[in-house]
Structures are given as C-alpha cells and as structure tokens.
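Peer 1: So that we are looking at the same thing, I have put the structure below in structure tokens.
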Amino acid sequence: MDDQEQKNETGAATPAPAEAAAAPAAPAAPAAPAAAAPPTEEHRPSRGPRGPGGGRGGRGRGRGGERGRDGGDRGREGDGMVENVVAINRVAKVVKGGRRFSFNALVAVGDGKGQVGIATGKANEVSEAVRKAVEAARRSMNEVPLTGGTIPHEIIGKHGAGRVLLKPAASGTGVIAGGPVRAVLECAGIRDILTKSLGSTNPHNMVRATMDGLKRLTTARRVAKERGVELEAIPYRARQESVVTHG
C-alpha cells in the first residue's frame with residue numbers, strides 16, 4: 001500500500017509542473033505587439049508638423065512670386081492707364097570674368113479708350129527694364145479710331161516678317177487674339193475683334209504689325225471728307241451697327 005500511495009503521489013505530482021510550465025508560456029505571444037505599438041504611435045505625430053503643409057506651401061509661394069514679377073501681364077495705374085508686359089527676354093554677354101546678364105522688356109500701354117503705345121526697355125533688372133519700357137510707351141502713344149467696341153474695317157498690319165489680320169466683329173464676340181496681339185488690343189480698349197497671325201510668331205514682329213494695322217485705320221467720316229462727298233454717299237455700315245435682332 002505504501003508503494004502504491006507513493007506511485008500515485010508521484011504520478012499526480014508529475015503533471016503539475018508541466019501544467020505550471022505551460023501556463024506562463026501562453027501570455028508571452030501577445031506581449032510582442034503590445035510592446036511594438038507605442039513606438040509607431042510616438043513616431044507618426046513627429047512627421048505631421050513638418051509634412052507637406054510646411055515645405056510645399058513655401059515652395060509654392062516662392063514660384064508664384066517669381067511668376068508675378070516676371071510674367072505679370074496686366075496692371076492698371078492710378079491714372080487709369082493699362083500696362084501689359086508682352087515679353088521679357090534675358091540676354092547674356094560673355095566677358096573675361098564670366099557672363100553678364102541683362103533683360104529687355106516689351107510693354108504695351110493704353111488708356112482703354114483708343115490711345116495705345118508700345119516700347120521696349122533694357123536694364124540689368126527686370127523691374128527697371130519694365131519701368132523704362134512703360135515710360136517710353138507713354139511718350140509714343142497713338143490714337144486708334146473705334147466704332148463701338150471694335151475697329152471700323154478690316155486691315156492687315158505688316159512689320160518685317162510679321163503679318164496680322166484685324167477684322168471687326170459683332171458685339172459680344174470678345175477679343176479673339178493671341179498673347180502679343182491681345183495685349184495691344186486690350187490696352188486700346190477694343191472689346192470685340194477677330195485676328196489672325198499670318199506671318200512671324202516673334203512677339204516683337206507681331207506687336208509692331210498690330211500697331212501698323214491700328215495706325216492705318218480710318219473712318220467713313222474721314223474718307224467722305226477726303227473725297228468731298230456726304231457721309232451718306234459712302235456705302236458703308238459699321239459691323240456692330242449692322243447686327244439685326246429678330247424679335
């Protein structure tokens with residue numbers, strides 16, 4: 001009996017340490033993710049403040065400032081004059097010590113009521129080149145005859161290899177023109193016109209061809225006076241006046 005009791009006691013005692021050893025091994029597995037989670041949560045907020053909001057926003061403002069300085073097309077002064085920067089070109093002169101950069105600006109200026117002028121300015125800085133061009137354009141303004149918001153008749157302006165077709169349009173058409181031609185027409189106060197570049201696409205040639213066409217415009221009253229006839233004797237009607245509204 002003593003041997004059996006000792007066997008039972010030893011047999012019952014042996015599984016107890018196995019269960020005790022297996023019990024603490026189970027909670028060891030979920031302990032690893034719990035320890036790895038805090039570092040990621042602590043690391044994520046640190047990227048937030050210096051993320052896209054700070055860096056990209058700064059670069060975007062910088063590029064916008066450069067475009068506004070170099071390519072600011074339209075501006076209206078206190079005296080009501082409209083100034084359009086048509087083109088800015090950078091020129092490099094190679095000297096013994098390296099390169100020297102200078103800028104030339106092509107500008108159109110007008111009062112929006114039939115007065116318009118163009119000029120170029122050269123300087124070592126963009127702002128100074130634009131200022132010189134604006135002052136020169138103000139001194140060389142020409143009067144453009146208008147019929148309503150368009151030109152009196154069709155004409156082709158020429159300068160060098162540049163040829164620009166200017167055609168009157170009905171009211172509400174708008175300014176159908178490219179960049180260089182549009183800059184001049186808007187300064188002159190023309191609101192409705194059709195245009196087409198037939199030659200060179202150089203901004204200087206296009207702008208001067210446009211000015212040539214505007215300078216050679218005339219009116220029916222002026223033609224009648226030169227011919228010595230009455231205005232009614234000339235079979236001409238302005239494009240905007242010929243629009244018939246059907247009711």
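The values are calculated or read from the model by the stated rules, or taken from the named source; none is laboratory data. These numbers come from a predicted model, not from an experiment. Note that each Cβ is placed from the backbone with ideal geometry, even for glycine, and that neighbours are counted across all protein chains shown. Note: areas computed on protein heavy atoms with side chains; ligands, DNA, RNA excluded. Shrake-Rupley method; radii C 1.70, N 1.55, O 1.52, S 1.80 Å.
Peer 1: Out of all the residues in segment 94-109, which are more than 15 Å from Val126 (Cβ to Cβ) and either part of a loop (DSSP other than H, G, I, E, B) or β-branched (Val, Ile, Thr) (or both)?
Peer 2: If the condition is that a residue be more than 15 Å from Val126 (Cβ to Cβ) and either part of a loop (DSSP other than H, G, I, E, B) or β-branched (Val, Ile, Thr) (or both), then Val94, Val95, Lys96, Gly97, Val109 are the ones that fit.
Peer 1: Also: So the check is Cβ under 7 Å with 6+ separation or different chains; which pairs have a first residue in segment 207-229 that's open to solvent by 10 Å² or more (accessible area, probe 1.4 Å) and a second one that's assigned to a helix (DSSP H, G or I) and at pLDDT below 90?
Peer 2: Ala220/Leu231; Arg221/Leu231
Peer 1: Here's something else I'd like to know. Just name the residue that is most open to solvent (accessible area, probe 1.4 Å) out of those in segment 110-143 that are assigned to a strand (DSSP E or B) and under 20 Å from Arg216 (Cβ atoms).
Peer 2: Within segment 110-143, the match that is most open to solvent (accessible area, probe 1.4 Å) is Glu143.
Peer 1: Turning to a different aspect of this structure: If I filter segment 119-142 for residues that are more than 23 Å from the chain's Cα centre (by Cα) and touching a residue at least 60 places away in the same chain (Cβ under 8 Å), do I get at least one hit?
Peer 2: Checked against the condition, which is being more than 23 Å from the chain's Cα centre (by Cα) and touching a residue at least 60 places away in the same chain (Cβ under 8 Å), segment 119-142 yields at least one hit.
Peer 1: Now for a different question. Within the set of pairs 6+ apart or on separate chains, which have a first residue in segment 164-176 that is over 17 Å from Gly199 (Cα atoms) and part of a loop (DSSP other than H, G, I, E, B), a second that is open to solvent by 40 Å² or more (accessible area, probe 1.4 Å) and aliphatic (A, V, I, L, M), and C-beta atoms under 6 Å apart?
Peer 2: Ala169/Leu194; Ala170/Val243
Peer 1: Right, Ile156: among the aliphatic types (A, V, I, L, M), in contact with a helix residue (DSSP H, G or I) (Cβ under 7 Å, 6 or more places away or on another chain) and closer than 24 Å to Ala87 by Cβ or not?
Peer 2: Considered against the rule, which asks whether it is among the aliphatic types (A, V, I, L, M), in contact with a helix residue (DSSP H, G or I) (Cβ under 7 Å, 6 or more places away or on another chain) and closer than 24 Å to Ala87 by Cβ, Ile156 comes out as yes.
Peer 1: Here's another thing I want to ask about it. Taking segment 84-98, which residues are open to solvent by 50 Å² or more (accessible area, probe 1.4 Å), within 12 Å of Ala129 (Cβ to Cβ) and not β-branched (Val, Ile, Thr)?
Peer 2: Asn89, Arg90
Peer 1: If I ask for residues that are open to solvent by 30 Å² or more (accessible area, probe 1.4 Å) and over 18 Å from the mean Cα position of the chain (by Cα), which ones from segment 177-194 would you list?
Peer 2: Those that are open to solvent by 30 Å² or more (accessible area, probe 1.4 Å) and over 18 Å from the mean Cα position of the chain (by Cα): Arg191, Leu194.
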